[in-house]
């Protein structure tokens, strides 16, 4: 008996050949060397099959085809590949899709499940696309999110199918679309119930449709015209500007996609596909794609699969959790848990406070309903799972409790004790603290082995990261069950060892601090802010400081100095913070004035900054400031690794991007080091230390790596 | 080097874009008109002309296919007179004249004509838009923004307020009105007539006399919306990150008018002029073209003038009279600031804000306007300069001659 094939080939009495893709031993169909070769063989067979009258392409799995296989993706993250090598191999899939498109028989894609990336490009190469109308199905070309483009004809077929104007959003933003939306855009032709899918495909073939794509016919013009239409040229002008404004030249994929469309839609398809390949190879050669694929795809997948979970303890999906504190964070955690199907007991000091959790969930769900992302039924179910109370005894039977009360040791200790009195031996107690060391907080617990840090980010329903922090006494089972909990919430965990500031707050703080130090040096405030944006951080540092709250930061600083005395680490932002908050009474955005003045019209940098921190005669370039912003964070991240605060390179990078929006195009702090080379980073750190001070002092680990020529990630 | 002299300068009146008198006039007719005028006024044997160089910034459709040569044929110039169309955007008319003069100065020609044609109503701006704005690689690489954004960027970077810009615009209108009333353009203006010799337009019709800074203050800034919604402001700030935001100050009332028009300037060597029985009016002292930062685009005049002055062994203070094209108010304000030139000697008879800027012709129009006024005031040295798209600038220095 022969091995099961990737594609089955079934021809019926009327000559319709159904190709069903069902890769053996895998839960998903993916494009890789084996499946492309198998597809080529199937096309060979089809070419020789005189009895074939039409073709249906479908999948035997839940999803249709969700992208490339891991091996192919890992290949993309290896540096040093040549343009020749890439040009020779990158169009393997595209060549087969062109064969399918021109095979001489009408081909219909019966899309029974999610089709993304190369999977959707397969659909585009078919002459008809019929999808099951199910909300769990996603369609799209998400390559841009990884610094790539759909290089198997996606940039050429989509605009020819639905017009240049309508194709730009799906290509540039890479959104995953539901069948209804895809149908509206014209990306699919029909959306039908699941049990009618194959009938609909056969019905279309029965109409004896042409076996050619519209774009292979003479005189073809895409909807809205091609690039000879001046309106499309104007649209390119605007699209290019909006893309530049958003990305600061840091993400080459968008410009490459625009160029594929702009240049390709002046040419017949075969020539246009050559242009697409050139831009695809260009992106593959660029470190941005390597870094984003590694961190945002591979490392993130690892983290989501709980690669850091201790093996012993059995998996535990929590059914009931408790949340202590119904403030912004507590309410957010409760909402997310309830959305994930978990019963939530949420406790606060009085009924009114506790009820805020229900109000928070209600507001979010109402917004969701207005945007048709939720329904009244779903909302009712979610609210039905949130149980506000003041009664700690209701915590009985909770698998996990998350403490999200004030950042005050005494308050935290009190609620910890109250909860411990009720909880079972295996219940995990997680603190959402962002600043207080876990080991110290665990001292208030009667079950310190079950105490762990679960640092969520705001707003909880939108931020995917949870920083899981093990205290000195936290045991393996607790860590394992805490990770199970994060996974049940649909979030991405990183594992960190207890230390002041943990990982995310500590490293992120250096960015904000650097902005304030620049102000003190007399650098023009607008230049500081624009450089912050240019470095790829989601918000410029002074604006961010205002949002976090200058008063809060100044108070935390004073508290730290009170706690640690002389052992307190020097914080270079202290002079600016102290002056802003205590001398100038400018506490931040909440009070309407910080580094910016806030009004209904918007915000504006406070003109008084120039008076208190006079402009230096010589101003640095924006590039110099960008390097400072990135390097100060990178070096702090390396120190965290060196100190054992965080040990997994993927966690460092995923945590940076997901946790505080570190410049995604770099792939994260450690990817930044690998990209530039440890020797280069060391040289820059030494130069900046001499110029600006010890916060740029290179850690020993960096010196070692520079001397050994080693990298954080494998290079082959 | 052979000295090159300006013998005559003519221009059509400028027709406005919407419901303008020249909307019904083909650009090749405008070109024919000015070439015929040069011939007829000077009783010129056109076989003496070695080349016709015309600026035209949208050289497509009705203005395509080398309108210089075609207009010369249409004007019944001797068929031995070739022609060529050039495009350095807004300075094309001056560049054309410089190139025509350069052929003489290098000894490769004796007598040439420079000038330009542009019918912005019939062949609109953007008709021949190329890769700078629309090729995604080029546009992102060069941080392209449209010129209105650039103008507002100039105002922001160099500290010119909305009021400053409106005041300059109002002054342009007042000066143009006064100049026309005083008939100071009589020597250069050639009316545009129809096939039957009936006049279609005799005066610049874009002017709005009675415009005040107050009345201009009511107009909405034209480029604020596009700057915000299309990302152009952010792109500009990526080049100028020391700025927090762009202050949008320009609008139709303080920017150059979109109009139709043509101009031609007859230049040649001393001998060629004598052969033709012509008296030289001025000598071309020198000219220069420069490139400057393309995102801000419009700061070229000061640099181009400085380069021309240096080559001519002159300083800005030596120049008695200036024409600085009023592409946008901030352009002129910045020029005056950069070279410390008084507005009393810049655009004294108004400028393109009042009378319009027919792209390919303006450079030659302002050179003629400069020369006319230098004669009227009995001045010696003058300089005409224009800012240019994609960050360029052109300047030409002329010196009056006592025949």
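Take the Cα of residue A:446, step 7 Å toward its Cβ, do the same at residue B:203, and the gap between the two points is 10.0 nm.
What is the Cα centroid distance between segment A:531-569 and segment B:342-398, reported in whole angstrom? About 56 Å separates the Cα centre of segment A:531-569 from the one of segment B:342-398. Here r is the Cβ-Cβ distance between residue B:193 and residue B:40 and R0 is 22 Å; the resulting FRET efficiency, rounded to 0.05, is 0.95. The length gained by stretching the chain between residue A:165 and residue A:307 to full extension, at 0.36 nm per residue less their Cα-Cα distance, is 46.9 nm. Of the residues B:122, B:270, the one with the fewest other Cβ atoms within 10 Å heads the list, and the complete ranking is B:270, B:122. Legend: mean number of C-beta atoms from other chains within 10 angstrom of residue C-beta atoms, peptide B:242-250, equals 3. The alpha carbons of segment A:441-535 occupy a box of 52, 29, 17 Å along the principal axes, longest dimension given first. With contributions of -39500 (n - 2.57) from each DSSP H run of at least four residues, the per-residue ellipticity at 222 nm computed over chain A stands at -14500 deg cm²/dmol. Projected onto their three principal axes, the Cα atoms of segment A:349-473 cover extents of 46, 29, 25 Å, largest first.
Each label was represented as a point 7 Å from its Cα along the Cα-to-Cβ direction; for residue B:315 and residue A:8 these points are 9.3 nm apart. Restricting attention to chain A, close to 25% of DSSP beta bridges with both partner residues there are antiparallel. Label chain A by shape, choosing from rounded, prolate and oblate, from the square roots a ≥ b ≥ c of the eigenvalues of the Cα gyration tensor; if a/c is under 1.5 it is rounded, and otherwise prolate applies when a/b is larger than b/c, oblate when it is not. Here chain A falls in the prolate category.
Taking the longest Cα principal axis of chain A as reference, the axis of helix A:252-264 is set at about 20 degrees. What's the FRET efficiency of residue A:521 with residue A:715 using the Cβ-Cβ distance as r and R₀ = 35 Å, to the nearest 0.05? My answer for the efficiency is 0.40. Approximating the spin labels as points 7 Å out from Cα along Cα→Cβ, the residue B:401-to-residue B:183 distance works out to 2.8 nm.
Counting other beta carbons within 10 Å of each Cβ, put A:13, A:686 in order, fewest first.
Working: A:13 6, A:686 14.
Starting with the residue having the fewest Cβ neighbours, the order is A:13, A:686.
For segment A:282-357, the C-alpha radius of gyration divided by 2.2 N^0.38 Å, with N the number of residues, is 1.68. Exposure proxy for A:237, B:111: other Cβ atoms within 10 Å of each Cβ, ordered fewest to most, give A:237, B:111. The shape of segment A:25-155 comes out oblate: with a ≥ b ≥ c from the C-alpha gyration tensor, a/c is at least 1.5 while a/b does not beat b/c. Compared with the dominant Cα axis of chain A, that is its longest principal axis, helix A:504-520 is turned about 70°. Centre-to-centre, using Cα atoms only, segment B:65-93 and segment A:419-454 are separated by 86 Å. Peptide B:138-144 has a mean shielding of 5, counted as Cβ atoms of other protein chains within 10 Å of each residue's Cβ.
Give the shape of segment B:137-291 as rounded, prolate or oblate, defined through the alpha-carbon gyration tensor: a ≥ b ≥ c are the square roots of its eigenvalues, a/c under 1.5 means rounded, and otherwise the shape is prolate if a/b is larger than b/c and oblate if not. It is prolate, given that a/c is not under 1.5 and a/b is the larger ratio.
Here segment A:238-298 and segment B:174-215 have alpha carbon centers that stand 52 Å from each other.
The angle between the Cα long axis of helix A:33-47 and the main principal axis of chain A comes to about 20°, on a 0 to 90 degree scale.
Since every read-out is calculated from the coordinates, none of them should be taken as a lab result. Since the structure is predicted, the reported quantities are computational estimates derived from the model, not experimental observations. In this analysis, Cβ positions are derived from the backbone assuming ideal geometry, glycine residues included, and neighbour counts consider all displayed protein chains.
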